[in-house]
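Since the structure comes first, as C-alpha cells, the remarks are kept for the end.
The values are calculated or read from the model by the stated rules, or taken from the named source; none is laboratory data. As the structure is a prediction and not an experimental result, all values here were calculated from the model. Positions of Cβ are backbone-derived with ideal geometry, glycine not excepted, and every protein chain shown enters the neighbour counts. Ligands, DNA and RNA are stripped out before the accessible areas are found, and what is left, the full protein with its side chains, is counted by its heavy atoms. Shrake-Rupley method; radii C 1.70, N 1.55, O 1.52, S 1.80 Å.
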Amino acid sequence: MDLESELRQAMAEQVAGTTAPASLVADVKRRHRRRKARIHAAAGAAAATVAALALVPTYQSFRAAPAGNPGTARPADGGPTLEQPERPPAPGSSASPSAKGEPGAGASSRPEAHPSASGSADDPREPGPGGVVDGLPGWITYIPDGLTAAGPCTVTDGAERETTTCKWRGSAGWLEIAMVKGSGLTGPRDLMKSPGLPGRTSVRGAPALTADRPGSGRQISWLAGPGVGVTVSAGGSVETRLMRVAEGVRP
C-alpha cells in the first residue's frame, strides 16, 4: 500500500463516527446574512459620499452671481433670488453716495488725463511758453552714454502736423529725435529730409527708411502708428547706435 492510500484510510477512520451538527445549516445562513449586511452598508456609505461630492458644484452655482449684477445670484432651477452682500469699494476708488444706483454712477466725474508729449497719461504736462516741454519724454527709453540734453524738448504746431523735437550733444557726437503727429502721414517717405535714394530697413517690424543727413550724420524714419511718425538722426560715434536708439523710441 502506498502513502496516499494510507493517508486516505487514516482520514476515513478518523471521521468514521463523526456526524454534522444540526445547527450547521443555520450557522451558514446566519454568516451569509451578516456578510450581505456588511456589503450593503459599505455600498450605502459609498453612495452617500458620491452624492455629497455631486452637491458641491450645485451649491457653488447658487452662490455665483451673474456677470451683469454682482449683488444677486439666481439659482439654475428658477428658485428665489439669493442676495449677495455688497462688496466694499477697492482701495483708492471713490464714489459719491448720492450717485449710487443712478445711471452712469460707475463713471468718475474726474476729467481723463490725456498723454502729453512725454507719452505718459499719468503726467499730463502741457507745453510752456514757446512750446517747450519740461523733462525727458517717457516714450524715449534709450540714450547713449556721453550725451547731454541740449535743452528741453520743443513742440511746434503746423497746419496739419505737431512735431516734438528733442536734442542731445556730447563728446561722442549728437542725437536728435523728432516725433510727428498728423493725419497726412502716409509713410516714412513723408518724414525724410534727404533728397537722395534711401535704404530700406525696419524698426520693430514697421517698414523704415534710412539715409545720410544733409551735411553729416545719418537718419532713420518710420511710422510708429496711424498718424504718428518718428525720425531719429545721429552723428559722430553715436551714429553706430542709430538702430539701438530707434528701437527704444516707443510713442
Checklist entry - In what order, largest first, do T154, T231 sit by accessible area if the probe radius is 1.4 Å? => result T154, T231
Checklist entry - How do 32-38, 188-194 rank on mean C-beta neighbours within 10 Å, highest first? => result 188-194, 32-38
Next on the checklist: With just the Cα atoms defining each centre, how far is the stretch 1-32 from the stretch 171-211? Give it in Å.
Outcome noted: 109 Å
Checklist entry - Whole-Hz Karplus ³J(HN,Hα) for the stretch 48-55, in order, using 6.51 cos²θ - 1.76 cosθ + 1.60 and θ = phi - 60°, x for Gly and Pro? => result 5, 5, 5, 5, 5, 5, 6, 6
Checklist outcome for this item: Residues whose modelled amide H sits under 5 Å from the amide H of R213, counting only those 5 or more places away in sequence or on another chain, are R218, Q219
